[in-house]
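A short worksheet on the structure shown next.
The values are calculated or read from the model by the stated rules, or taken from the named source; none is laboratory data. Given the structure is predicted, the values throughout are model-derived calculations rather than measurements. Note that we place each Cβ from the backbone using ideal geometry, even for glycine, and neighbour counts take in every protein chain shown. We work out accessible area using only protein heavy atoms, side chains counted, and drop any ligands, DNA or RNA first. Shrake-Rupley method; radii C 1.70, N 1.55, O 1.52, S 1.80 Å.
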Amino acid sequence: MKSPSRSLRLRGLRGKPYRILIERVTPELDGGRYPVKRTVGDTVVVGADILKDGHDVLAARVCYRPEGRKSWRYAPMAYDYDEDRWFGSFVVDAIGRWAYTVEAWTDTFGSWRDALEKRFSAGEDVRSELLEGAALLERVSRRAPRELARKIREKALFLRQENALLLDRVAAATSEELRSWVEQCAERSDLTRYHRELELVVDRERARFAAWYEMFPRSQSPVPGRHGTFADAEKQLPRLADLGFDVVYLPPIHPIGRTHRRGRNNTPEAGPDDPGSPWAIGNEHGGHTAVEPALGTLEDFERFVRAARDLGLEVALDYALQCSPDHPWVREHPEWFFVRPDGTIRYAENPPKKYLDIYPLDFWGPDWPELWRACRDILLFWIDKGVRIFRVDNPHTKPFAFWEWVIREVQSVHPDVIFLSEAFTRPKRMKALAKIGFTQSYTYFTWRNTAAELREYLTELTQTEMAEYFRGNLFTNTPDILHEYLQRGGRPAFRIRLLLAATLSPLYGIYSGFELCENTPLREGSEEYLNSEKYELRWRDWNAPGNISEDIRKLNRIRRENPALQLYTNLRFHHSEYDGILFYRKSTPDGSNHILVAVNLDPHHWHETMVHVPLDALGIAPHEDYVLEDLLTGARYTWRGVRNYVRLDPAEQVGHVFRLVR
């Protein structure tokens, strides 16, 4: 019969009782349910609270490895007394998924050495402690390689020599040389590992730093009114490369449905020459793995991709999982759609809006596994054609489980593939999509126009837990979104929003026509464009008076030349005495590149203010002169102290992009 006291003493314990607690490991997202994100070459800083009773000295390390590797790599952790917390770091040197966790153990030798030093400093007799240390070293030597074992035994022997000076024996026991020897083969009898392995997704650099340009290939013909082709679009690539863009994003390039085709300005009846919405995918020429014949052939598209690559550009494709009534899937797989009791298929709607030209897919229908695989195979098809970036249309209207599965399926084979989530929805939905796998995300930037709104939102994006998983891509406009700020602010408003997007985040984008300051809405109070390119061909004169192409070219060059503007979590806002001028900084961790930006947010009037420069963060003494170069104009300014004067007239210069000159 078990002793009652023993039964009470061990009740609730599973296995051997633990001796060390490891808590609050960071980064850890939702208890380890989702991976955090980094880019290749990043240093991952891991923190943990590590606790043990008594006065023993602890040791700890980060364990990390790429997915598929059995053996762990290790990085030491150090104790920060002020934070009462342990920190270690490692560098991720390959894209893909990684695992990491934390281990800790009692540093037996360190505990003995710590006690020895304290007693010796207090004037106590430590001869017995030296004998204990010698015995400890002899045990350690049994685990050491031959040559190292010999050195450790010699130290142990010296600690036992009572005819040696006590001071010399203590010095030998506490030497850094002996510590380094012991650490190589230390005893870890109570080694404790954090209770879970955490996951990390490492992406290539373009996932963090890129300038995007959205372009409809069908509008690229040099002849007004004629349908453009991939060959016509290819001729625009040198212009985009010269402007400094990294990614050329194409709306759907697939055959466009004929049934209920939308006309100009989204009218329900299309004229004989109306091209229809590219998002109504599929007709007799094919579906998601075919191209609209008016654009050319698959071979023409592949040539377009190669031409872009030769200019340093990548092509992003729209991934829109919906079908026109003419899509081959409607005939071949009606079970993949929502079939009504009368046998008809339900069209898309967002009451009171109806989209008769689009059928949504039923991701939980009776044959959902086959549908999911077919959707995955669309991605694999275009990856085979050279595409490595996908902008995903309305992902919040499809199952989260599908996205988590399909992104992992694709990236397990092609870890370099990037997914941009186009989800203008509730914040928690947007965050969830980023957590389950989307590489980048559209944001609310378009609707954040005051200084307070920008500070609050961009701080949330870059300085809170969101930064661990949510990479915000700041699009200034889209074919669906022409904000009132641009409608009413004219050319200065376009320059202001461009400057903000390009410097607040390393990821930003514009939709074609932004460089021409196109700002005519469909009607008062609408964010839709008049004569929207979604429903008709648009010919443009890229050299039209008033264009802001030089602003774009200059800003993209500045971004490439300044590493501080290529980082995401280094944004810091600083005080401006007039709130209509926003003042912020981006710096590299090593302090080699400091960028200070001041922007007048009012597109109609000039304003002046005193901005407060963070001297400590810049390494500048309070009464020291320092030089700032405006990278937009080339002008140099000598400033002193915290408060300095700025005056910005949007009719001339909407902002400053200062670089600290060392």
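Does VAL291 meet the test of being open to solvent by less than 20 Å² (accessible area, probe 1.4 Å) and not in a loop (DSSP other than H, G, I, E, B)?
No: the conditions fail for VAL291.
Residue by residue through segment 435-463, note down the ones that are assigned to a loop (DSSP other than H, G, I, E, B), touching a helix residue (DSSP H, G or I) at 6+ places or on another chain (Cβ under 8 Å) and either open to solvent by 10 Å² or more (accessible area, probe 1.4 Å) or in contact (Cβ under 8 Å) with a residue 60 or more places away in the chain (or both).
Just the residues of segment 435-463 that are assigned to a loop (DSSP other than H, G, I, E, B), to begin with: 436-439, 443-444, 448-450.
Of the ones still in play, those that are also touching a helix residue (DSSP H, G or I) at 6+ places or on another chain (Cβ under 8 Å) are 436-439, 443-444, 448-449.
Answer for segment 435-463, where residues must be assigned to a loop (DSSP other than H, G, I, E, B), touching a helix residue (DSSP H, G or I) at 6+ places or on another chain (Cβ under 8 Å) and either open to solvent by 10 Å² or more (accessible area, probe 1.4 Å) or in contact (Cβ under 8 Å) with a residue 60 or more places away in the chain (or both): ILE436, GLY437, THR439, TYR444, ARG448, ASN449.
How many residues does segment 410-434 hold that are farther than 30 Å from HIS604 by Cα, open to solvent by 50 Å² or more (accessible area, probe 1.4 Å) and not hydroxyl-bearing (Ser, Thr, Tyr)?
6
Considering only residues that are in a helix (DSSP H, G or I), under 20 Å from VAL315 (Cβ atoms) and either at pLDDT below 95 or not aliphatic (A, V, I, L, M) (or both), which ones fall in segment 396-423?
Correct list: GLN411 only.
Which strands (runs of 3 or more DSSP E) sit wholly inside segment 466-585 and have at least 2 residues that are surrounded by fewer than 21 Cβ atoms within 10 Å (Cβ to Cβ)?
Result: 571-574.
Answer with yes or no whether TRP382 is open to solvent by less than 60 Å² (accessible area, probe 1.4 Å), farther than 20 Å from ARG206 by Cβ and either in contact with an Asp or Glu (Cβ under 6 Å, 6 or more places away or on another chain) or not in a loop (DSSP other than H, G, I, E, B) (or both).
Numbers: open to solvent by less than 60 Å² (accessible area, probe 1.4 Å): yes; farther than 20 Å from ARG206 by Cβ: no; either in contact with an Asp or Glu (Cβ under 6 Å, 6 or more places away or on another chain) or not in a loop (DSSP other than H, G, I, E, B) (or both): yes.
Judged against the criteria, TRP382 is not a match.
Could you check, for segment 391-398, whether at least one of its residues is without any contact (Cβ under 8 Å) to a residue 40 or more places away in the chain, more than 30 Å from HIS607 (Cα to Cα) and of a type in the set (Val, Ile, Thr)?
yes
Taking segment 613-656, which residues are open to solvent by less than 60 Å² (accessible area, probe 1.4 Å), out of contact with any Pro (no Cβ under 8 Å at 6 or more places or on another chain), among the β-branched types (Val, Ile, Thr) and in a loop (DSSP other than H, G, I, E, B)?
VAL613, ILE620 - these are the residues of segment 613-656 that are open to solvent by less than 60 Å² (accessible area, probe 1.4 Å), out of contact with any Pro (no Cβ under 8 Å at 6 or more places or on another chain), among the β-branched types (Val, Ile, Thr) and in a loop (DSSP other than H, G, I, E, B).
Please specify each residue of segment 179-195 satisfying the condition of being aliphatic (A, V, I, L, M) and either at pLDDT 95 or above or assigned to a loop (DSSP other than H, G, I, E, B) (or both).
ALA186, LEU191
So, in segment 586-609, exactly how many residues are farther than 15 Å from ILE558 by Cβ and in a loop (DSSP other than H, G, I, E, B)?
Summing the residues that are farther than 15 Å from ILE558 by Cβ and in a loop (DSSP other than H, G, I, E, B) in segment 586-609 gives 10.
Which one of GLU129, GLU67, GLU117 is acidic (Asp, Glu), open to solvent by 80 Å² or more (accessible area, probe 1.4 Å) and either under 21 Å from LEU166 (Cβ atoms) or free of Cβ contacts under 8 Å to residues at least 60 places away in the same chain (or both)?
On inspection, the qualifying residue turns out to be GLU67.
Kindly state which strands (runs of 3 or more DSSP E) lie completely within segment 70-162 and contain at least 3 residues that are among the aromatic types (Phe, Trp, Tyr) and within 44 Å of the chain's Cα centre (by Cα). Explain how you work it out, then say what you get.
Working: elements: 73-80, 85-91, 96-106.
Strands (runs of 3 or more DSSP E) meeting the threshold: 85-91, 96-106.
Would you point out which residue out of GLU176, GLU162 is loosely packed, with under 12 Cβ neighbours inside 10 Å, within 22 Å of ARG188 (Cβ to Cβ) and acidic (Asp, Glu)?
Exactly one of GLU176, GLU162 is loosely packed, with under 12 Cβ neighbours inside 10 Å, within 22 Å of ARG188 (Cβ to Cβ) and acidic (Asp, Glu), namely GLU176.
State yes or no: is GLU404 over 16 Å from the mean Cα position of the chain (by Cα), crowded, with 16+ Cβ neighbours inside 10 Å and within 30 Å of ALA651 (Cβ to Cβ)?
The answer is no for GLU404.
Name the residue, out of TRP336, TRP329, TRP364, that is in contact with a Cys (Cβ under 6 Å, 6 or more places away or on another chain) and either among the polar types (S, T, N, Q) or at pLDDT 95 or above (or both).
TRP329
Kindly evaluate ASP326 against the criterion of being surrounded by 19 or more Cβ atoms within 10 Å (Cβ to Cβ), among the acidic types (Asp, Glu), touching an Asp or Glu at 6+ places or on another chain (Cβ under 7 Å) and farther than 24 Å from MET215 by Cβ.
yes
Within the bounds of segment 5-15, is there any residue that is in a loop (DSSP other than H, G, I, E, B), open to solvent by 60 Å² or more (accessible area, probe 1.4 Å), touching a Lys or Arg at 6+ places or on another chain (Cβ under 7 Å) and modelled with pLDDT under 95?
Checking segment 5-15: not a single residue is in a loop (DSSP other than H, G, I, E, B), open to solvent by 60 Å² or more (accessible area, probe 1.4 Å), touching a Lys or Arg at 6+ places or on another chain (Cβ under 7 Å) and modelled with pLDDT under 95.
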